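What follows is a set of notes on a single structure, which appears directly below.
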Amino acid sequence: MRKTGIIPSLMVLMMIVLASSCTNPDKSEMAIKKITSYNTKLPITFGNEDVLDSVYYDVGGHNAVFNYVVNDDAVTLESLSSNVKAAKEHILNQITSDTTVLNMYKDFAVDELNVRTVLLTPRSHVNVPVELSWEEIQALHPKRESAAKKSEKALTARDSLDQLIDSINALCPDSIDRNTELTKVQIENNYLVYNYVSEETKNSTIDIKKGEFQKRRAIADGKLRKPSPEYKQLIYLCIDNGLGIKHRYVGKLTKQAQDFAFSAVDLSKITRHPLPEGYEAVKERIKEPKVKRILAPGEKKREEGIY
């Protein structure tokens, strides 16, 4: 869970104006103070990138009203707008998966404050209200996954990844550019490895194309930070299986290889998608290449690895 900003929080001034017309000033004043306090803790972002953005007081119905921004890469608001039950299940699943949010809702229920959660997206004028009574909220409990459920989830993640790998390999060999061809994708040690064949000439072999590989790494890094929906799914599945992503290029003439990699920890930090529970990052030992230098006459070798 992390804090972020998508939609400006609704104004405390608006809440005060609304409260002035309330038939029970003491009750309204208490609700406004509580809601104002919670607005300082918002927005809150869930693991699926949905955002609980802001909360205000609806004096007419004595309701707390949350603005909830749906990540429409995962679910479309149009589909939820036509299915009230699905919309309610979606928000209940989020509330019970996060103890901070659940406690916030329950705190309103203590004052017999009903909660309306308005689902919306930044790119749509559609909004879907989900009503929860204070009695319903009080009956909610934190969601705890059983060991069997976690095992099933991990197995499903691996099966899904294997299916994606098969679908990629079905398109191979696949031309990436005029000099590069993707030949195969496979799981190797702690990585999902993309294997490429790179065209070479006698004067332009893979071992001297260092500048080109720096550009390729930068491009790969950019795609991780702004992935397509399909690639995002693949990245998340790699993380769920404790795998990084490696790109390996092999010269067509020399058969020499150059590669660069992003570990599972790297992917998790870039995407903010959590690593599987109990995952322990393995620190890879990176050997620095030896630096060759011609010694001056009479100069002795002074440093290990320098000649």
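The values are calculated or read from the model by the stated rules, or taken from the named source; none is laboratory data. None of these values were measured; they are calculated from a predicted model. Ideal geometry is used to build each Cβ from the backbone, glycine not excepted, and the neighbour counts take in all protein chains shown. Just so you know, the surface numbers come from the protein's heavy atoms only, side chains and all, with ligands and any DNA or RNA stripped out. Shrake-Rupley method; radii C 1.70, N 1.55, O 1.52, S 1.80 Å.
Quick one: would you say residue 143 is open to solvent by 40 Å² or more (accessible area, probe 1.4 Å) and at pLDDT below 80? Explain how you work it out, then say what you get.
Details: open to solvent by 40 Å² or more (accessible area, probe 1.4 Å): yes; at pLDDT below 80: yes.
So residue 143 fits the description; yes.
Does residue 219 count as open to solvent by 20 Å² or more (accessible area, probe 1.4 Å), closer than 30 Å to residue 204 by Cβ and not charged (D, E, K, R)?
Numbers: open to solvent by 20 Å² or more (accessible area, probe 1.4 Å): yes; closer than 30 Å to residue 204 by Cβ: yes; not charged (D, E, K, R): yes.
The answer is yes for residue 219.
If the Cβ limit is 8 Å and pairs must be 6+ apart or interchain, which residue in the range 263-278 that is under 16 Å from residue 220 (Cα atoms) pairs with which residue that is among the hydroxyl-bearing types (Ser, Thr, Tyr) and open to solvent by 60 Å² or more (accessible area, probe 1.4 Å)?
Going by the 8 Å Cβ cut-off, the qualifying pairs are 264/279.
Which count do you get for residues in the range 175-202 that are open to solvent by 60 Å² or more (accessible area, probe 1.4 Å) and modelled with pLDDT of 90 or more?
Count: 2.
I'm checking my understanding of the structure. Among residues of the range 228-239 that are without any contact (Cβ under 8 Å) to a residue 40 or more places away in the chain and assigned to a helix (DSSP H, G or I), which one is farthest from residue 163 (Cα to Cα)? Explain how you work it out, then say what you get.
Our first condition is that a residue be without any contact (Cβ under 8 Å) to a residue 40 or more places away in the chain; within the range 228-239, this holds for 228, 230-231, 235-236, 239.
Applying the additional criterion that residues be assigned to a helix (DSSP H, G or I) yields 230-231, 235-236, 239.
Numbers: 230: 13, 231: 14, 235: 14, 236: 14, 239: 16 Å.
The selected residue is 239.
Restricting the range 146-161 to residues that are touching a helix residue (DSSP H, G or I) at 6+ places or on another chain (Cβ under 9 Å) and either open to solvent by 90 Å² or more (accessible area, probe 1.4 Å) or assigned to a strand (DSSP E or B) (or both), which is modelled with the lowest pLDDT?
Checked the range 146-161; the qualifying residue modelled with the lowest pLDDT is 153.
Can you tell me how many residues in the range 166-206 are of a type in the set (Lys, Arg) and touching a residue at least 24 places away in the same chain (Cβ under 8 Å)? Lay out the reasoning, then the answer.
Initial filter on the range 166-206 (of a type in the set (Lys, Arg)): 178, 184, 202.
Keeping just the survivors that are touching a residue at least 24 places away in the same chain (Cβ under 8 Å) gives 202.
Residues that pass the stated criteria total 1.
Out of the residues in the range 108-119 meeting the condition of being surrounded by fewer than 20 Cβ atoms within 10 Å (Cβ to Cβ) and in contact with a Leu (Cβ under 9 Å, 6 or more places away or on another chain), tell me which one is nearest to residue 70 (Cα to Cα). Don't jump to the end; show me each part of the working.
Of all residues in the range 108-119, those surrounded by fewer than 20 Cβ atoms within 10 Å (Cβ to Cβ) come to 110-112, 114, 116, 118.
Of the ones still in play, those that are also in contact with a Leu (Cβ under 9 Å, 6 or more places away or on another chain) are 114, 116.
Working: 114: 21, 116: 15 Å.
Ranking the candidates gives 116 first.
Could you pull out every one of the helices (runs of 4 or more DSSP H) wholly within the range 1-106 that has 1 or more residues that are small (Gly, Ala, Ser), at pLDDT below 85 and crowded, with 19+ Cβ neighbours inside 10 Å?
25-39
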